[in-house]
Structures are given as structure tokens and as C-alpha cells.
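Everything below concerns the one structure shown next.
The values are calculated or read from the model by the stated rules, or taken from the named source; none is laboratory data. Computed from a prediction, not measured in an experiment: that's the story for all the values here. Here Cβ is always computed from backbone atoms with ideal geometry, including for glycine, and neighbour counts include all displayed protein chains. Side chains included, ligands, DNA and RNA excluded: accessible areas come from the protein's heavy atoms. Shrake-Rupley method; radii C 1.70, N 1.55, O 1.52, S 1.80 Å.
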Amino acid sequence: MRKRLLTGLFLFASILPTFAQSTDWETDTLLVKALSAIAVKPAEFALAPEVDPPDPFRIPAITQLLQGSHRLETVTRSIVDTTILSITKSPVIANTIAWQQLLTNVQTLRSQFANPFTPDEQKRLLEDLPNIYREDDDVSDLDIFSLESRREAGTESYQALLNLIKKIPPQIDWQSELTRLIDLANSLTETTDWEVQFGSLRHTQLAGVTGTVIGWQETTNGKIVIGGKDRNTYTGDFAVIIDLGGDDDYRGRIAAAYGNTSVGLLVDFAGNDAYQSDSIFSIAGAENGIAYLLDKSGSDRYTGAQWTQGAALLGAAKLEDRSGFDVYDADGNAQACAGWGYAALLDSTGNDLYRVHVYGQGVGLVGGYGTLLDVSGDDQYLATPRYVDVLRYQDHSITLSQGFGYGLRPHLSGGIGLLLDQSGSDLYLSDIYGQGASYWYALGALVDKTGNDRYVSYQYAQGSGIHISLGILLDDDGNDRYDSKGVSQGCGHDLGTGILRDRAGDDSYLCADLSQGAGSANGFGVLLDDAGNDIYANRNSLNTVGYGNPRRDYGSIGLFLDRSGNDRYADESAADGNLWIRGIRGVGWDVTPPTPNTTGGVK
């Protein structure tokens, strides 16, 4: 049997053995008791072993979770803990690889990728693959009929591209070479002998650079330049930039692996810097290679277009910013977005602003694993409208962001997308698809550890798994607010599983329909609130707050469980101390009995 787990996602090897022990739902007395009211056991949150034949890039961890999605929270937390350790681990400076050896290693990986293809096939694949995820914002006269006509016209070409995609080797270890590049970058200091590190340098001024130039050279991998401590401006394409200080401007393709450049590196030691590029695969962007950008200090601004700010397609990339109040702004495929590879964005401190239109802020595309980790600060994650959602709403946009896993239905399974925020009171804004959501054999997770947070979206969000997929939102502390229209707040649709769990705080939940623990079309939807005095508001109480609809032959499962606190609901059947049934297999239970107030009534 062909092994389908990407070596670059090797962290799953340590997680999969824990599946058999991940039985927290099965030993959760209150949860088991709630489900017993609809004659369901936690283990029944499971699909058949193979609903669809596997494709070459289906991640076994996702298949196993679909077969037992009552383990989703436990396994997600294991993945998150392992991921945080991996992304934040200290570099192994003592065993730093030589620069030339690193280039040789990555060229070997490029050869592994090229092996199944003719030169023309490889060229077409590298040119066309990014366009699969390119959205069209010129839809002023586009309706569903013209959209279908456009799709039919491209069927033959698209099928030819799919045939090439399925030949992509699934085990190219881009991530290990990225780790070596990170170690090398962190070994650099102001006293590094640059010629020992990179070879002989020219000690003259370089076109495209203003400010002090310590040395530079032209190589087959691209230009290498070492800049001084004063203010520098870099304009153009550079494979390697090492800048020792100053408030610098970077304008062009930088920290990028693309074309003839297989390894891209930028290390900025200090200063409030501006990074700007309209080029595809730039500012820690990689296609068929590896890229790393390290900014050690200062409040910085990153402005990019597509495949940028920690983004990889057939490769691995990481952007790391260690301090300051930073702004990240991009169009799409950005801020920890990966397909057929690995991508990460790590921001350690500061009140940061992340803004993207589509496919950003922790996205796992086909064969991809993307993680955005923000360690501290009151942050804003904005997935703002641009690309109209033609199939559903003319006045809303698809955003597909913020801990989102995405496959290409029905041909290729998706990857794993994580958005992890460890502290601070944060704002999350998306539109259609986002905030711990997924589509087609994928996993999307948003995990917020502390802070009073606000989550705003419209549909397919806030812990939603759509079309044989898994989505989860975990908020561990704080007084939080969740706003959405529908198919959100713990909703599983069409054989998907969606979970929202809030562990502490006085929270408020607002929705219109099919949310707050709702199962639809044989899906599993769960909302768990462990503590606090909460408010649950909805427009349609018939299909929210614990609802399972009867689609197809065997229905859906919806579970709502509030474990404690004096809570308020929009309808009379849901109240403190009540248990209610909605749909065929939907159950809601507020465990806390009503508490007398000072006037002798009940709250």
C-alpha cells in the first residue's frame, strides 16, 4: 500500500499512537448522559472507513479522525502542543550546516520533485498550480450559469493538470531543510566572517541598494548582500539579505525561493522595517524550495500580494518576527498558507494586525500544513471581503482563512490549517469559511488560550466541518463573544464534524440558524461551554442549541452542553436546568439548576 503521509508532516507520527487512548468524551459523565437522551454514544461520532476512495495526498490522521471524531479535541490539542514546540524550539547552533551544503541538499529535493515529469510538464505544473487557488474579483456580470459555463470550458485543461498533480511525489522532506536553514540563520552574528559563510564578496556599492554595503556577490542561487547598521533600502530581487540594523526598506522579491533561487533567506538584526513586494512567492514565500525571514526586533510592516508572509507551494517557508507591534497585509495565500509542503508564521510579542482577503492566517491546502502562532499581545486577525461568494451570496465574500483546511472536491483531499494565539484579547473577523473550519477531507483549527476575544463571521465558521471534513474552535479562557449567521458555532455539515468548546468566562453567542451544536446532512455538531454566565441568542430556535436533522437514511447528531453558570436563552425550552430534544438526534442540556435571586424568583 502506498504511503501517503508527507514526511514534512512527520509530527503526526508521534500523535497517531495516542488515538486509542483519546477517550475523554467517553469518560465525560455529563457529556455521555446528555447523549444518552437521544440514544447516542460518543463513539458513534464516526464515518465509514472510506466514504470516498483515497487520493495520493489524503492525510491518514484526518481519515482516522473522521472514523472517530469524538477524539477530535484531544488529538487537536496534541497536534497544537507538538506544533508549538516545533515552531518555537531553540535552534541547534552547534551543528549548523554549511551554506553550500544546504544549497546542494535543496537541489537534491528539487530533483526528487522533477523526477516524475518531463521538463515541459514540470514547467506547466509550477506555472499553473498557484492559479488553482487564485480567486477572481471581476464578477460584476457573473451568475451561476456563466460560472458553470466557464468551468465546463476549462474541464479538459483542468483534468490534464490534475493528472500531473497526482504524480507529485508525496514525501519530499522540505521541512527538514528549512529547519537547517533556520539553524544557520540563527548562528549569524554581527561578528560573523561573511566570506567564510558565503564565499568571496565584492566590497563595492551594489545597484539596487542604498546605505552601507559590507559585501555582496552574484551566485547561481541569486544575489547575496550584507548590509550595515544604518538605514538601507533594497530594491529588486535578492536571494540572501543580511542586514545588521537600521530602519530599512525592502522592495522586491526577498526571502523567496522561486525560479532559479532554491533557497531564500533574510535576517534583519534591528530596526522598524518595511517589507513590500507585489511579486508572487516573496517575503518568506517558497515554490519548489525553502525560504526563511527572521526579523529580530522592531515594529515592522509586511505588505505582499500572493504566496507571501510564510507561504509555501511544493516547498517550506517560515516568517519569524520576535518583537514589536507589527502589521501583516496581503491579498491571499499568505500568513502561514501551505500546499504540498509546510508554512509557518511566528510572532512573539506585540499587539499585531493581520489582514488578508483569502487563504490566510493558518491554512492547509492539498498536501499542506500551515500554522500561524502568535505568542502574546492583543491582536487583530482580519479576513476582509474582496472575492464575492458567487454560489451563495452576492453581498458576501469567501475568505477561507483563520485555521482552515481546504481540499479540492472531489479530486484531492485537503491539509491541516492552524491558527494559534497564546495570550491577549483578540479580534477575529472573517466572512464565508473561517475560524476553525474546513472543507473536503481536511482539518482546520483555531485555538485561543487566554483573553477576552471576539469572533465575527457569517457562515461556515467558528468550529465547522463541511463536506467530510473536521473543524474545531477551542477557547480556553476569557469573556468571549461569538457572532455568525449560520452553519457555525459547532456545526457539522454533510458528513463533517464541527466543534466549538469554550472552557471559561462569561460568554455570548449570537446566530441566526443551524448553529450552536447543530448536525446537518449526516454531520456532527457540538457546542460545549464549561463555565460562566452565558447568553445564547438565535433567530431560529428550532435548528440551533442542540439540533440534528433527519437528512438521508440515518440523520445527524447535534449536541449542546452548558455545564455551569446562570445562563440566558432566546427561547423558553432552553433554560438553566433544562434538557431538550430538537430534530431527530439533537440534544441540549443546561446542567446548572436555576438559582433564587434576591426578590424570591429565579434567574
Inset, instruction - For residues that are open to solvent by less than 20 Å² (accessible area, probe 1.4 Å) and touching a strand residue (DSSP E or B) at 6+ places or on another chain (Cβ under 7 Å), scanning just the stretch 375-397, find the one that is modelled with the lowest pLDDT. - result: ASP389
Inset, instruction - Give the residues of the stretch 295-314 that are assigned to a strand (DSSP E or B), touching a Lys or Arg at 6+ places or on another chain (Cβ under 8 Å) and open to solvent by less than 10 Å² (accessible area, probe 1.4 Å), sorted by residue number. - result: ASP295
Legend entry - Tally, over the stretch 411-443, of residues that are at positive phi, crowded, with 24+ Cβ neighbours inside 10 Å and touching a His at 6+ places or on another chain (Cβ under 9 Å): 1
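If a residue must be among the charged types (D, E, K, R) and within 21 Å of the chain's Cα centre (by Cα), how many such residues does the stretch 482-510 contain?
We begin by selecting, within the stretch 482-510, every residue among the charged types (D, E, K, R); these are 483, 485, 494, 501-503, 506-507.
Applying the additional criterion that residues be within 21 Å of the chain's Cα centre (by Cα) yields 483, 501-502.
Within the stretch 482-510, residues that are among the charged types (D, E, K, R) and within 21 Å of the chain's Cα centre (by Cα) number 3.
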Legend entry - Pairs, first among the basic types (Lys, Arg) in the stretch 297-312, second open to solvent by less than 10 Å² (accessible area, probe 1.4 Å) and modelled with pLDDT of 95 or more, C-beta under 8 Å, six or more apart: ARG301/ASP273; ARG301/TYR275; ARG301/ASP326
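Has the stretch 101-115 got any residue that is at pLDDT below 95 and of a type in the set (Gly, Ala, Ser)? Don't jump to the end; show me each part of the working.
Going residue by residue through the stretch 101-115, those that are at pLDDT below 95 are none.
No, because not a single residue in the stretch 101-115 is at pLDDT below 95 and of a type in the set (Gly, Ala, Ser).
Restricting attention to the stretch 320-339, which residues are part of a loop (DSSP other than H, G, I, E, B), open to solvent by 10 Å² or more (accessible area, probe 1.4 Å) and of a type outside the set (Gly, Ala, Ser)? Talk me through it step by step, then tell me what you get.
Going through the stretch 320-339, the residues part of a loop (DSSP other than H, G, I, E, B) turn out to be 322-326, 330-331, 335-336.
With the extra rule that they be open to solvent by 10 Å² or more (accessible area, probe 1.4 Å), the set shrinks to 322-325, 331.
Residues satisfying the conditions are ARG322, PHE325, ASP331.
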Inset, instruction - State whether one or more residues within the stretch 233-240 are polar (S, T, N, Q) and outside any strand (DSSP E or B). - result: no
Legend entry - Residues within the stretch 43-84 that are open to solvent by 40 Å² or more (accessible area, probe 1.4 Å) and in contact with a strand residue (DSSP E or B) (Cβ under 8 Å, 6 or more places away or on another chain), tallied: 2
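Among the residues of the stretch 277-292, is any farther than 28 Å from LEU109 by Cβ, open to solvent by less than 10 Å² (accessible area, probe 1.4 Å) and touching a helix residue (DSSP H, G or I) at 6+ places or on another chain (Cβ under 8 Å)? Spell out how you get there, then give the answer.
Within the stretch 277-292, the first condition is being farther than 28 Å from LEU109 by Cβ, and the residues that meet it are none.
No, every residue in the stretch 277-292 fails to be farther than 28 Å from LEU109 by Cβ, open to solvent by less than 10 Å² (accessible area, probe 1.4 Å) and touching a helix residue (DSSP H, G or I) at 6+ places or on another chain (Cβ under 8 Å).
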Legend entry - Every residue from the stretch 328-343 that is under 21 Å from GLN171 (Cβ atoms) and hydroxyl-bearing (Ser, Thr, Tyr): TYR342
Inset, instruction - Within the stretch 117-155, count every residue that is open to solvent by 70 Å² or more (accessible area, probe 1.4 Å), modelled with pLDDT under 95, part of a helix (DSSP H, G or I) and of a type outside the set (D, E, K, R). - result: 5
Legend entry - Close pairs from the stretch 73-95: first over 26 Å from ILE62 (Cα atoms), partner surrounded by 14 or more Cβ atoms within 10 Å (Cβ to Cβ), Cβ under 7 Å, at least 6 apart: PRO91/ILE182; PRO91/ASP183; PRO91/ASN186; VAL92/ASP183; ILE93/ASP183; ILE93/ASN186; ILE93/SER187
Inset, instruction - Could you check, for the stretch 216-230, whether at least one of its residues is in a helix (DSSP H, G or I), loosely packed, with under 13 Cβ neighbours inside 10 Å and either at pLDDT 95 or above or not basic (Lys, Arg) (or both)? - result: no
Inset, instruction - Could you tell me whether the stretch 24-42 includes any residue that is small (Gly, Ala, Ser), open to solvent by 60 Å² or more (accessible area, probe 1.4 Å), under 30 Å from HIS493 (Cα atoms) and assigned to a helix (DSSP H, G or I)? - result: yes
Legend entry - Conditions (1) crowded, with 21+ Cβ neighbours inside 10 Å; (2) touching a Ser or Thr at 6+ places or on another chain (Cβ under 6 Å): number failed by ALA317: (2)
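Which one of these is more than 26 Å from the chain's Cα centre (by Cα), closer than 22 Å to GLY463 by Cα and at pLDDT 95 or above: GLY546, GLY525?
Values: GLY525 fails: more than 26 Å from the chain's Cα centre (by Cα).
Of GLY546, GLY525, the one residue that is more than 26 Å from the chain's Cα centre (by Cα), closer than 22 Å to GLY463 by Cα and at pLDDT 95 or above is GLY546.
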Inset, instruction - Identify all residues within the stretch 47-87 that are β-branched (Val, Ile, Thr) and under 17 Å from the mean Cα position of the chain (by Cα); write none if there are none. - result: ILE59, ILE62, VAL75, THR76, ILE79, VAL80, THR82, THR83, ILE84, ILE87
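I'd like the residue in the stretch 236-252 that is touching a strand residue (DSSP E or B) at 6+ places or on another chain (Cβ under 6 Å) and buried (at least 24 other Cβ atoms within 10 Å of the Cβ) and, out of all such residues, is nearest to GLU287 (Cα to Cα).
First, pick out the residues of the stretch 236-252 that are touching a strand residue (DSSP E or B) at 6+ places or on another chain (Cβ under 6 Å): 238-243, 249-252.
Next cut, buried (at least 24 other Cβ atoms within 10 Å of the Cβ) only: 238-241, 243, 250.
On the way: PHE238: 15, ALA239: 13, VAL240: 16, ILE241: 19, ASP243: 24, TYR250: 20 Å.
Filtering the stretch 236-252 for residues that are touching a strand residue (DSSP E or B) at 6+ places or on another chain (Cβ under 6 Å) and buried (at least 24 other Cβ atoms within 10 Å of the Cβ), the one nearest to GLU287 (Cα to Cα) comes out as ALA239.
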Inset, instruction - Could you list all residues from the stretch 532-563 that are closer than 24 Å to THR592 by Cα, open to solvent by 10 Å² or more (accessible area, probe 1.4 Å) and of a type in the set (Ser, Thr, Tyr)? - result: SER541, TYR547
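Please specify each residue of the stretch 262-276 satisfying the condition of being β-branched (Val, Ile, Thr) and surrounded by 24 or more Cβ atoms within 10 Å (Cβ to Cβ). Break it down into steps so the answer makes sense when it comes.
First, pick out the residues of the stretch 262-276 that are β-branched (Val, Ile, Thr): 263, 267.
Answer for the stretch 262-276, where residues must be β-branched (Val, Ile, Thr) and surrounded by 24 or more Cβ atoms within 10 Å (Cβ to Cβ): just VAL263.
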Inset, instruction - Scan the stretch 96-111 for residues that are open to solvent by 20 Å² or more (accessible area, probe 1.4 Å) and either without any contact (Cβ under 8 Å) to a residue 40 or more places away in the chain or over 27 Å from the mean Cα position of the chain (by Cα) (or both) and jot them down. - result: THR96, ILE97, ALA98, GLN100, GLN101, LEU103, THR104, ASN105, GLN107, THR108, SER111
Inset, instruction - Could you check PHE10 against (1) modelled with pLDDT of 90 or more; (2) open to solvent by 30 Å² or more (accessible area, probe 1.4 Å); (3) in a helix (DSSP H, G or I) and say which number it fails? - result: (1)
Inset, instruction - Have a look at GLY227, GLY246, GLY222 and point out the one that is closer than 15 Å to SER200 by Cα and without any contact (Cβ under 8 Å) to a residue 60 or more places away in the chain. - result: GLY222
